[in-house]
Amino acid sequence: MRDPEIIDIASVQPKAGLGANFDSPTYPTLRFSTKCRILGDPSPQAIEPTDPSFVNDGLRQATLTREGHRCVFCGFYSSQNEVHNVNDNHRDMQPENLRSIDSLCHGWQHLGELGNGNAVIAYVPGLRGQDVNHLQRTIMVASQSDDPGLRDDAKTLLNWLASHRDYTTEAWGTHDPRVFGDALVKLNEEAREKREVLFQNLAVIFNPESYRQQVTAWVGESYRAFPTNQWARVYHDVMNAPA
């Protein structure tokens with residue numbers, strides 16, 4: 001090992017390609033989308049393919065296994081993750097069109113299929129879609145805690161997020177995800193490619209009652225290392241970490 005004190009810093013050359021990965025995001029942008037409307041679709045509200053080969057031939061499990069059960073958009077691991085059709089066409093079963101996805105991120109891809117009362121569109125500037133979903137997931141876990149104080153905090157945060165639907169209604173005339181889904185279907189391909197700008201700062205806020213089964217799995221998997229009864233200590237340690 002060379003002594004740092006005798007190294008000529010001016011002559012040091014960084015390794016070729018160092019930092020090149022900083023030019024591209026770790027995960028793709030989470031954008032609004034909805035399922036392609038296909039004539040004769042027997043299950044128009046389904047958020048996963050219904051083709052028999054998808055389940056019977058093991059294509060669903062093969063996709064999740066290949067992806068390590070991690071979401072293509074946020075990286076969240078869960079045995080409850082689903083399979084997403086990248087081009088929104090549920091009849092396109094090519095392996096490269098099938099990716100593992102967290103159920104919340106999947107909801108962003110199925111605005112037209114979320115159902116009445118299951119979600120709202122809210123204006124939350126300054127937060128990436130992935131961060132909004134991580135926050136919502138944590139709120140849902142907290143809302144099922146044995147700690148009444150934590151449950152109250154979760155309810156307060158969720159109501160704060162959901163209240164931002166009023167800004168969306170004021171600007172767009174609605175906060176119903178299905179209306180946004182219908183609008184997306186009518187956009188041509190060029191306009192759809194601009195949706196990231198068109199819907200900037202908008203997010204899907206979900207009704208936690210629809211995700212009770214997933215929350216149970218999350219608590220036993222990804223949140224196992226940080227159970228809710230340790231959150232106060234973790235917060236204290238982070239906020240009071242030595243400089």
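The values are calculated or read from the model by the stated rules, or taken from the named source; none is laboratory data. Just so it is clear, the model here is predicted, and its values are computed rather than measured. Neighbour counts are summed over all protein chains in view; Cβ atoms, including those assigned to glycine, are modelled from backbone coordinates with ideal geometry.
Would you pick out the residues in the stretch 189-199 that are surrounded by 11 or more Cβ atoms within 10 Å (Cβ to Cβ) and more than 16 Å from Val132 (Cα to Cα)? Answer for the stretch 189-199, where residues must be surrounded by 11 or more Cβ atoms within 10 Å (Cβ to Cβ) and more than 16 Å from Val132 (Cα to Cα): Ala191, Arg192, Glu193, Arg195, Leu198. The residue pairs whose first member lies in the stretch 48-65 and is farther than 15 Å from Asp92 by Cα, whose second member is not hydroxyl-bearing (Ser, Thr, Tyr), and whose beta carbons are closer than 9 Å, counting only pairs six or more residues apart or on different chains, are Gln61/Val55; Ala62/Pro95; Ala62/Leu98; Leu64/Asn81; Leu64/Glu82; Leu64/Val83.
Yes or no, residue by residue, for (1) outside any helix (DSSP H, G or I); (2) among the β-branched types (Val, Ile, Thr):
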{"position": "Asp146", "(1), (2)": "yes, no"}
{"position": "Trp160", "(1), (2)": "no, no"}
{"position": "Glu209", "(1), (2)": "no, no"}
{"position": "Arg212", "(1), (2)": "no, no"}
{"position": "Tyr235", "(1), (2)": "no, no"}
{"position": "Val238", "(1), (2)": "no, yes"}
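If I filter the stretch 176-192 for residues that are modelled with pLDDT of 95 or more and on the phi > 0 side of the Ramachandran plot, do I get at least one hit? So far as the stretch 176-192 goes, no, none of its residues is modelled with pLDDT of 95 or more and on the phi > 0 side of the Ramachandran plot. If you filter the stretch 80-113 down to residues that are under 15 Å from the mean Cα position of the chain (by Cα) and assigned to a loop (DSSP other than H, G, I, E, B), you find that the one that is modelled with the lowest pLDDT is Gln80. Taken over the stretch 114-131, the criterion of being within 10 Å of Leu202 (Cα to Cα) and in a helix (DSSP H, G or I) is satisfied by Gly129 alone.
Scanning the stretch 200-220 for residues that are closer than 14 Å to Val120 by Cα and crowded, with 18+ Cβ neighbours inside 10 Å turns up Leu202, Ala203, Val204, Ile205, Phe206, Pro208.
Leu98 versus (1) over 25 Å from Leu202 (Cβ atoms); (2) surrounded by 22 or more Cβ atoms within 10 Å (Cβ to Cβ); (3) in contact with a His (Cβ under 6 Å, 6 or more places away or on another chain): which is the lone unmet condition? For Leu98, the exception is condition (3). The condition of being touching a Cys at 6+ places or on another chain (Cβ under 9 Å), more than 17 Å from Phe32 (Cα to Cα) and crowded, with 18+ Cβ neighbours inside 10 Å holds for only one of Asn81, Asn133, that being Asn81. Report yes if Leu39 is surrounded by 15 or more Cβ atoms within 10 Å (Cβ to Cβ) and hydrophobic (A, V, I, L, M, F, W, C), otherwise no. It is false that Leu39 is surrounded by 15 or more Cβ atoms within 10 Å (Cβ to Cβ) and hydrophobic (A, V, I, L, M, F, W, C). Checking each residue in the stretch 98-155 for being closer than 30 Å to Thr65 by Cβ and polar (S, T, N, Q) picks out Ser100, Ser103, Gln109, Asn118, Gln130, Asn133, Gln136, Thr138, Gln144.
Answer yes or no as to whether Arg224 is within 20 Å of Pro28 (Cα to Cα) and basic (Lys, Arg).
When the stated conditions are applied, Arg224 does not pass them.
Here is a list: Thr156, Thr228. Which entry is farther than 18 Å from Leu114 by Cα, free of Cβ contacts under 8 Å to residues at least 40 places away in the same chain and either touching a helix residue (DSSP H, G or I) at 6+ places or on another chain (Cβ under 8 Å) or hydroxyl-bearing (Ser, Thr, Tyr) (or both)? Testing whether each residue is farther than 18 Å from Leu114 by Cα, free of Cβ contacts under 8 Å to residues at least 40 places away in the same chain and either touching a helix residue (DSSP H, G or I) at 6+ places or on another chain (Cβ under 8 Å) or hydroxyl-bearing (Ser, Thr, Tyr) (or both) leaves just Thr156.
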